[in-house]
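Inspection log for the structure reproduced underneath, given as structure tokens.
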Amino acid sequence: MDWVWLAQAVKRLLCPALRKLPGPVYTDLFLKGKEPHGTLERLRCVFQKAEIEGQKVTRIRIVDPLDLGQRRITVREYADLDGHAEVIWYEGWFGYVPGPKVELTPVNPSGRRS
């Protein structure tokens, strides 16, 4: 049995909304020294379109899929993480107003692993 295929299938079923970090967010976290490259490759995020001060932006929550699996949390949309602040690493938004802008706030720094 191909275990990699099985793991990917389970991930798609349990957390279909999770995506890799977008370029501006990845770059912001790495260049500001908040997270090392290896950790950023592991982290995933979920999006929601929003409007802040008349500008269209994307709200984002960043999580570690390993934390979701341990707690058996299923993420199908942004709101699924509303009651689970313990697994959210960063929360904020990013957009292009007029250039790339990223605003992230750490949510649960005490529960992280590097």
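The values are calculated or read from the model by the stated rules, or taken from the named source; none is laboratory data. Just so it is clear, the model here is predicted, and its values are computed rather than measured. Using ideal geometry, Cβ is built from the backbone for each residue, glycine included, and neighbour counts are taken over all protein chains shown.
With respect to Leu68, is the statement that it is closer than 27 Å to Val97 by Cβ and in a helix (DSSP H, G or I) true? Full working, then the answer.
On the way: closer than 27 Å to Val97 by Cβ: no; in a helix (DSSP H, G or I): yes.
No: the conditions fail for Leu68.
Among the residues of this structure, Gly92 counts as one that is at pLDDT 90 or above, within 21 Å of Leu29 (Cβ to Cβ) and either of a type outside the set (Lys, Arg) or loosely packed, with under 13 Cβ neighbours inside 10 Å (or both).
For region 31-51, give me each residue that is in a strand (DSSP E or B) and aliphatic (A, V, I, L, M). Within region 31-51, Val46, Ala50 qualify. Of the residues contained in region 52-62, none is found to be surrounded by 16 or more Cβ atoms within 10 Å (Cβ to Cβ), assigned to a helix (DSSP H, G or I) and not charged (D, E, K, R). Restricting attention to region 82-100 and to residues that are in contact (Cβ under 8 Å) with a residue 40 or more places away in the chain and part of a strand (DSSP E or B), the residue that is farthest from the chain's Cα centre (by Cα) turns out to be Pro100.
Listed by first and then second residue, the pairs with beta-carbon distance under 9 Å, at least 6 apart or on different chains, first residue in region 46-69 and more than 9 Å from Trp93 (Cα to Cα), second surrounded by 17 or more Cβ atoms within 10 Å (Cβ to Cβ) and among the acidic types (Asp, Glu), are Ile62/Glu91. Output the residues belonging to region 26-45 that are aliphatic (A, V, I, L, M), surrounded by 17 or more Cβ atoms within 10 Å (Cβ to Cβ) and over 13 Å from Val63 (Cα atoms). The one that is aliphatic (A, V, I, L, M), surrounded by 17 or more Cβ atoms within 10 Å (Cβ to Cβ) and over 13 Å from Val63 (Cα atoms): Leu29.
Can you confirm whether Thr74 is touching a helix residue (DSSP H, G or I) at 6+ places or on another chain (Cβ under 6 Å) and in contact (Cβ under 8 Å) with a residue 12 or more places away in the chain? It would help to see each step written out before you state the result.
Working: touching a helix residue (DSSP H, G or I) at 6+ places or on another chain (Cβ under 6 Å): yes; in contact (Cβ under 8 Å) with a residue 12 or more places away in the chain: yes.
Yes.
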